[in-house]
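Derivation of every value follows stated rules applied to the coordinates shown; laboratory data play no part. Everything numeric in this text was worked out from a predicted model, so none of it was measured. Reconstructed Cβ throughout: ideal geometry from the backbone, glycine too, with neighbour counts over all protein chains shown.
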Amino acid sequence: MIVRSSLTSKLNQLVTRLLESGLTVATAESCTGGGIGAAFTDLAGSSAWFAGGIISYSNAAKEQLLGVRSQTLLDHGAVSEEVVQQMVVGASRQLNTDMAVAVSGVAGPEGGSEEKPVGTVWIAWLKGGPDGATTSRCFHFDGDRSAVREATVNAAVAGLLGLLEGPVIEQNKPLN
C-alpha cells in the first residue's frame, strides 16, 4: 500500500506523538487485510513504535489469534462493536503494546445486509495496554471496496492520533 497524501499528515503527527511518548502500537485487521500495518511500515523507522499486526480475516483467526469469544461472534457477528473491542485487547495483549487499533467491516462489493450494508466498519482503539481504556465507533463509508478500505485506514490512524492528543473519542463524533 502506498501512503496517500491525505493520510501522510496524520501519520507524521502520529509518529511524532508516539516517539515523544515512547508508546508502541499494534493492529488487528480484518476488512483492511493489513492495510493499516502497511501504511505504518511504509514509514522508515516504524519498528521504533509499531510492534506488528494480526490479520484475522476469518472468525477462526479472530478466536485463535486474538481471543475473540466464539459466543460473541455468534451473538453479534464479526462486524460488531463487541468483536472489535475483543480484537483490540487481543492485539495489545499478543504483541505487548501500549496502544492498538482493530477493524472489522464489510468492504464489498458483496457481503452486506440490510442491518450491515457494504461500507459498515467497526473500529476500536485502545490506550494503556490490554487492561487500558478502549473506545469504538461504527462508520458507514461510501464507495467501492478500495475506497472503503482506504477510508478505514484513515479513520483508524485518526483515532489513534486522537487518543494521543486528547480524551477518548466520543461515539459518532467526526474524527477529521
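Scattering from segment 1-57 was approximated by placing one identical point on each alpha carbon and applying the Debye formula without solvent; log10 I(q)/I(0) at 0.13, 0.18, 0.21, 0.30 1/Å stands at -0.31, -0.59, -0.79, -1.28. Max-minus-min Cα coordinates of the chain on each principal axis give 43, 33, 27 Å, with the largest extent listed first.
Every pair of different Cα atoms in segment 71-132 enters the Kirkwood calculation, which places the hydrodynamic radius at 12.1 Å.
Between the listed residues LEU23, SER80, ALA158, the Cα displaced farthest toward the positive end of the dipole of segment 5-165, a dipole computed from Cβ unit charges relative to the Cα centre, is found at LEU23. The residue list VAL103, TRP125, SER6 was ranked by how far each Cα lies along the charge dipole of segment 1-146 toward its positive end, using unit charges on Cβ atoms, and SER6 comes out on top. The helix-only estimate of mean residue ellipticity at 222 nm for the chain, built from DSSP H runs of length n ≥ 4 each weighted as -39500 (n - 2.57), is -13500 deg cm²/dmol after division by the residue total.
Using the average count of surrounding beta-carbon atoms within 10 Å as a protection proxy, the listed peptides 38-48, 90-100, 62-72 rank, highest first, as 90-100, 62-72, 38-48. Counting only the Cα atoms, segment 102-152 fills a convex hull of 76 Å³ per residue. The count of lysine pairs in the chain that are at least 8 places apart or cross chains, and whose C-alpha atoms lie under 25 Å apart, stands at 6.
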